[in-house]
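Input: a single structure, listed below in structure tokens.
Rule-based calculations on the coordinates, nothing more; no lab input. Just so you know, these numbers come straight off a predicted model, no measurement behind them. Glycine also receives a Cβ, built like all others from the backbone with ideal geometry; neighbour counts cover every protein chain displayed.
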Amino acid sequence: MKSVCVIDGQGGGIGGAIIKRIKTLFEERVEVIALGTNAIATAQMLKARANRGASGENAIVVTAPKVDVIIGSVGIVMANAMMGEVTPRMAEAIAASSAKKLLIPISQENVAIIGAMAVPLPHLIDLLIEDHLAPMLG
């Protein structure tokens, strides 16, 4: 069984929406691990039916190298993103992981992603899952 890690911070709304969609499509054929930069984000993702969850820097640093796929906003690979919730250690562990990373281009404070279209979040989640995650999971 493939393991998919969803990483989110702040209120966990994006991660929760992604997990709900994954669970609707793949049910229990994939293990979904919710990693929150804080306990509130983790709780929201667990509520969305993640199989397991943990919070904080160490949980992300330890788990990122062990999963098959990492999903989150582009900020998860940027030190100090999400109003400082993404620590340099978290960003480094995620970027260095051999897992395939599927990143949603949600803009960060001082970062412009050139070429990224202004697409509503629900459509980005559909693209992420249908065009990228589904082919990887078979």
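Data overview
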quantity	calculated
Semi-axes of the equivalent ellipsoid for region 1-40, Cα gyration tensor, largest first, Å	19, 11, 6
Potential extension, Asn58-Val111 segment - 0.36 nm per residue separation minus Cα distance	16.5 nm
About the Cα centre, charge dipole magnitude for the chain (Lys/Arg +1, Asp/Glu -1 at Cβ), debye	300
Where the Cα pairs of the chain fall when distances are cut into 5 Å bins, in %	2, 11, 22, 26, 22, 12, 4, 0
Cβ-defined net charge surrounding Ile33, 13 Å radius [Lys, Arg +1; Asp, Glu -1]	+2
Listed residue (Ile113, Gly53, Ile40) projecting farthest to the positive dipole end of region 2-137, Cβ model	Gly53
Least to most buried among Ser107, Ser98 (fewest other Cβ within 10 Å first)	Ser98, Ser107
Two-site label geometry, Arg49 and Val119: point separation in nm, points 7 Å out along Cα→Cβ	2.3
Cα point-scatterer Debye curve for region 86-138, base-10 log of I(q)/I(0) at q = 0.30 Å⁻¹	-1.13
